[in-house]
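Have a look at the structure below before the remarks.
The values are calculated or read from the model by the stated rules, or taken from the named source; none is laboratory data. As the structure is a computational prediction, the values presented were derived from the model and not from experiment. A quick note on method: Cβ atoms are made from the backbone with ideal geometry, for glycine too, and the neighbour counts reach across all protein chains shown.
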Amino acid sequence: MVKGPQVKEIPGPKAREVIEKHHKYMATTTNDPNEYFLVIERTEGNYWIDVDGNKILDFSSGIGVLNAGLRNPRVVEALKEQLDKLIHGAGTDYYNPYQVALVEKLDSIAPGDFEKKTFLSNSGTEANEAAIKIAKWSTQRKLFIAFIGAFHGRTHGTMSLTASKPVHRSRMFPTMPGVEHVPYPNPYRNPWHIDGYEEPDELVSRVLEYIEDYLLAHYVPPEEVAGVIAEPIQGEGGYVVPPMNFFKELKKVLDKHGILLMDDEVQMGMGRTGKMFAIEHFGVAPDIINLAKALGGGVPIGATIFRKDLDFGISGVHSNTYGGNALACVAALTVIDELENGLIENAQKLEPLFKERLQEMYDKYEIIGDVRGLGLAWAIEFVKDRKTKEYASNERNKVVVGALKRGLATLGCGKSALRLIPPLTIDEEEAKIGLDILEEAIKTVVG
């Protein structure tokens, strides 16, 4: 297979027809025909092939779902074999061996030197909803703390925790009561205008001071807070990497008050950052871990892993129809095996290349205000001025469009950041090709 994109016209005539019908018949979600005009028909290696035959290098992983590859051959084979055995067996009423094998594996790889249990569902928002209920049930507390910039889902409960874009809550009030939001230790943008790269300890101290000395000391009774939910690296909020000591210091505060740490790994888990779980970079073991996206390799699945002592213990408090679906469980087991046998190592191997090339772009182009990331989870934040840090959302959007027209699929995040999340199956040559295309798109926007 010849490496590199092959592009005639994006969108081509067939794509434009599909896009027109899509917006005629489908509910409005996040599709934007002016930016993300890719109509995917099939895959070939690390490339999307659109309905007009254009070949596009993927730096989006299906929004973080396809860490193990766009169509991992071993996952495909496992699904084919499973289709001849069992597709669905109502795993929350009856039993099947596939879900047991998966949760046993999750127990063995999840951080924490304690016994665990797992609830299986279908998506990230369901995994987070389950975490809310587990925390409420086990602690008999009603309140939660989440972070500004967070994304935890769009169902009514998880939407109440989400705080990355106002549109997510538009016309949806009142949200679930009992949720307070606090600043996330964003080294680049925070309310105190601290340079968190130069003064990480100061930034962490300010965030914890806000939580303990203002929130908990003045109007939120700590004995009524069930949990604090956080992404180890904020995803939709802009791929924000906090200082490395943040979660250790946060956990000390939470343990003092008996508050659970709820770790949302939906976008950053499953090898994306160069470790199976992103929280492993920060040296703490959460009480609850939520997974989805990349866990199923393209098959919908969610998982909520938690300390065994937090379990409901009573039948019927929580359940769902598709949780423990046989196909999804087999896919997830295969994905984990693929990650453990080379793909996480590949993310570690390619991290220096992304770090070096993006730093070079930062040095060249004033429009880039910040670059940040770990493993194969990277972001470029575009600004109009480096001193004022004024968001350059339109410029970011133009880079996304320019890259796509050249044959590279990327995604925006935050107000003016662009995320780079190729499948972990990508090799060094393809990484360089993609980064070259990205730079060409930036050059065009700059001048």
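Here are a few things to note about the model shown:
- The residue of region 124-140 that is nearest to residue 235 (Cα to Cα), among those that are surrounded by fewer than 20 Cβ atoms within 10 Å (Cβ to Cβ) and touching a residue at least 24 places away in the same chain (Cβ under 8 Å), is 133.
- Residue in region 196-216 that is among the aromatic types (Phe, Trp, Tyr), over 21 Å from residue 381 (Cβ atoms) and in contact with a Phe, Trp or Tyr (Cβ under 6 Å, 6 or more places away or on another chain) present: no
- Every listed requirement among (1) part of a helix (DSSP H, G or I); (2) in the same structural domain as residue 288 (by TED's automatic domain parsing); (3) surrounded by fewer than 24 Cβ atoms within 10 Å (Cβ to Cβ) is met by residue 62 save one, (2).
- Within region 273-292, the set of residues being touching a strand residue (DSSP E or B) at 6+ places or on another chain (Cβ under 9 Å) and under 23 Å from residue 379 (Cα atoms) comprises 273, 274, 275, 277, 278, 279, 281, 290, 291, 292.
- Checking the stated criteria, residue 196 turns out to be assigned by TED's automatic domain parsing to the domain that holds residue 245, crowded, with 18+ Cβ neighbours inside 10 Å, in contact with a Pro (Cβ under 9 Å, 6 or more places away or on another chain) and within 25 Å of residue 269 (Cα to Cα).
- Out of 51, 100, 75, one residue alone is of a type in the set (A, V, I, L, M) and within 29 Å of residue 158 (Cα to Cα). It is 100.
- Residue in region 11-53 that is surrounded by the most Cβ atoms within 10 Å (Cβ to Cβ), counting only those that are among the acidic types (Asp, Glu) and under 22 Å from the mean Cα position of the chain (by Cα): 35
- Pairs meeting the criteria (first residue in region 83-112 and over 28 Å from residue 262 (Cβ atoms), second residue of a type in the set (S, T, N, Q) and surrounded by 12 or more Cβ atoms within 10 Å (Cβ to Cβ), beta carbons under 6 Å, at least 6 apart or on different chains) are 88/325; 89/96.
- Only a single item in (1) at positive phi; (2) in contact with a Lys or Arg (Cβ under 8 Å, 6 or more places away or on another chain) is not met by residue 90, and it is number (2).
- Residues (surrounded by fewer than 12 Cβ atoms within 10 Å (Cβ to Cβ) and farther than 12 Å from residue 145 by Cα) located in region 210-222: 213, 217, 218, 219
- Matching strands (runs of 3 or more DSSP E) fully within region 215-314 where at least 2 residues are closer than 28 Å to residue 350 by Cβ: 260-264, 288-291, 302-307
- Residue match in region 356-374 (condition: outside the structural domain of residue 120 (by TED's automatic domain parsing), touching a His at 6+ places or on another chain (Cβ under 9 Å) and either among the aromatic types (Phe, Trp, Tyr) or in contact (Cβ under 8 Å) with a residue 40 or more places away in the chain (or both)): yes
- Some residue of region 102-123 being touching a Gly at 6+ places or on another chain (Cβ under 9 Å), among the aliphatic types (A, V, I, L, M), closer than 20 Å to residue 300 by Cβ and modelled with pLDDT under 95: no
- Annotation: of all residues in region 223-236 being within 13 Å of residue 144 (Cβ to Cβ) and of a type outside the set (A, V, I, L, M, F, W, C), the one that is surrounded by the most Cβ atoms within 10 Å (Cβ to Cβ) is 227.
Each row is one residue, and each column tells you yes or no for (1) among the acidic types (Asp, Glu); (2) touching a His at 6+ places or on another chain (Cβ under 7 Å); (3) at pLDDT 95 or above.
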| site | (1), (2), (3) |
| --- | --- |
| 180 | yes, no, yes |
| 183 | no, no, yes |
| 197 | no, no, yes |
| 200 | no, no, yes |
| 208 | no, no, yes |
| 211 | no, no, yes |
| 214 | no, no, yes |
| 220 | no, no, yes |
| 229 | no, yes, yes |
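- Among the numbered conditions (1) under 15 Å from residue 407 (Cα atoms); (2) of a type outside the set (Phe, Trp, Tyr); (3) in a helix (DSSP H, G or I), the only one that residue 79 does not meet is (1).
- Scanning region 54-70 turns up no residue that is over 18 Å from residue 410 (Cα atoms) and at pLDDT 95 or above.
- Against the list (1) of a type in the set (Gly, Ala, Ser); (2) buried (at least 16 other Cβ atoms within 10 Å of the Cβ); (3) under 24 Å from the mean Cα position of the chain (by Cα); (4) in the same structural domain as residue 295 (by TED's automatic domain parsing), the condition residue 108 fails is (2).
- Where residue 95 falls short, out of the listed (1) surrounded by 13 or more Cβ atoms within 10 Å (Cβ to Cβ); (2) out of contact with any Lys or Arg (no Cβ under 7 Å at 6 or more places or on another chain); (3) within 30 Å of residue 285 (Cβ to Cβ): (1)
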